[in-house]
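Read through the structure below, which is laid out as structure tokens, and then see the notes.
Values quoted throughout were computed directly from the atomic coordinates according to the rules given, and no laboratory measurement underlies them. This structure is a prediction, so every number in the text was calculated from the model and none was measured. For neighbour counting, all protein chains shown are included, and Cβ atoms are generated from backbone atoms with ideal geometry for every residue, glycine included.
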Amino acid sequence: VQILQFVAIFPNHPSTTLSARMEIWHMYLSPDDDVGQSSRSYNSRIYAELDILRSKISVETGQRIRGEEALSLWQNFWKEIIVNFSLIGVSLQSIEIDGDGMVDFINNICGHLTVSRTVATAVGRASMRAELENEVKMLIDNKNTEISRLRDKLQYYELVNHEMSQRNQEAT
């Protein structure tokens, strides 16, 4: 039986004799034989496994197609971003990626993002510093105006006080 299974699996193997091949052929043709039925059940299991493998390949193919479509959409979106950023003076790297260049591209993008974040943080700090400087300048200007007003008022009071003093001395 093991030899027949070997012959059934490897019918063109050099160690398979013509009589063994004929025997396996007769085994397929005789429905009353138990060995023939076990071979048919073995073949049906193989076909079932092949069907499962075909369905898995079909699912994998569908997933790959969806992945490639998503990548294509992403690349088109990236090209639009490049065009829009070029209008404001920011240049970004164009992407034409094959399977091997994906890691390099991702590392490159991560580097660009790190630089962009650093620049954005620096610009944000500088902007905040400029706003604070403007507010402090306005506050200082207001205080200087108030000091000038108070100085003028003090001079007026000193002048009035001096005149009152003179009148009092003249009156005495």
* Asked: Among the lysines, which fall within straight-line cross-link reach of Lys137, defined as a Cα-Cα distance under 27 Å, with same-chain neighbours fewer than 8 residues apart omitted?
  -> Lys153
* When averaged across all projection directions, what area in nm² does the alpha-carbon convex hull of region 70-172 cover? -> 10.5 nm²
* Proxy reagent accessibility, fewest Cβ within 10 Å first, across Thr118, Thr172 -> Thr172, Thr118
* Tell me which lysines have Cα within less than 28 Å of Lys79's Cα, excluding those fewer than 8 residues away on the same chain? -> none
